[in-house]
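Notes follow once the structure below has been shown.
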Amino acid sequence: MNKIIQYGEKGNISIETENTDSILYFLMDTKGKIQASEKLNVKENKVAIKITSEITKKLQPGANSIKVFAISNSVLKPDFYESSFLISKNNVELPSAMINTSNIENEKDHNMWIIPIILIITIIGVIAYAKIKYQSKP
């Protein structure tokens with residue numbers, strides 16, 4: 001599904017399933033109030049949720065969510081999927097983020113020498129404590 005849906009525009013959410021007879025979905029606004037729900041029959045493991053412009057007008061600008069339950073007559077517990085999406089009044093795109101992992105790896109390499117030093121200091125401390133404790137007793 002699209003992560004951004006234009007306020008007042010219609011949209012579709014395509015769903016592919018396995019071992020499912022029907023789906024039940026709930027569209028919730030930013031306050032968690034259900035604005036739309038429907039049970040749809042699955043044909044050939046595919047179904048499409050049609051979001052009308054009237055529904056997107058009920059959803060408020062900002063973060064909204066959808067919960068989809070996969071229902072089967074042969075499986076006792078339904079499976080579900082949950083996702084969030086944005087309703088926007090303006091035509092906007094989500095910003096993309098680039099993560100540079102080279103700095104993280106370099107910091108790991110530089111800090112690895114601390115572990116042996118801490119281990120050596122701990123061993124020296126334990127030996128010194130034991131030596132002092134056992135030498136003071138006659």
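The values are calculated or read from the model by the stated rules, or taken from the named source; none is laboratory data. Being a predicted model, the structure only gives us computed values, none of them experimental. Here Cβ is always computed from backbone atoms with ideal geometry, including for glycine, and neighbour counts include all displayed protein chains.
A compact table of results
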read-out	value
Filter result for PHE85 (more than 19 Å from GLY11 (Cα to Cα) and part of a strand (DSSP E or B))	no
Check on GLN60, surrounded by 12 or more Cβ atoms within 10 Å (Cβ to Cβ), free of Cβ contacts under 8 Å to residues at least 40 places away in the same chain, part of a loop (DSSP other than H, G, I, E, B) and out of contact with any Pro (no Cβ under 8 Å at 6 or more places or on another chain)	yes
Subset tally (residues that are at negative phi, charged (D, E, K, R) and not in a strand (DSSP E or B)) for the range 38-57	2
Candidate set from the range 15-44 (those that are of a type in the set (S, T, N, Q) and farther than 18 Å from ILE71 by Cβ); member that is modelled with the lowest pLDDT	THR30
The lone exception for ASN19 - which of (1) closer than 29 Å to LEU76 by Cα; (2) surrounded by 13 or more Cβ atoms within 10 Å (Cβ to Cβ); (3) touching a Ser or Thr at 6+ places or on another chain (Cβ under 9 Å) it fails	(2)
Selection within the range 1-20 - in a strand (DSSP E or B) and under 24 Å from ASN90 (Cβ atoms)	ILE4, ILE5, GLN6, GLY11, ASN12, ILE13
Of all residues in the range 21-37 being assigned to a strand (DSSP E or B) and farther than 23 Å from GLY62 by Cβ, the one that is farthest from the chain's Cα centre (by Cα)	SER22
Residue ID - surrounded by the fewest Cβ atoms within 10 Å (Cβ to Cβ), chosen from residues in the range 1-16 that are of a type in the set (Gly, Ala, Ser) and touching a residue at least 40 places away in the same chain (Cβ under 8 Å)	GLY8
Residue within the range 100-107 that is modelled with pLDDT of 65 or more and within 24 Å of the chain's Cα centre (by Cα) present	yes
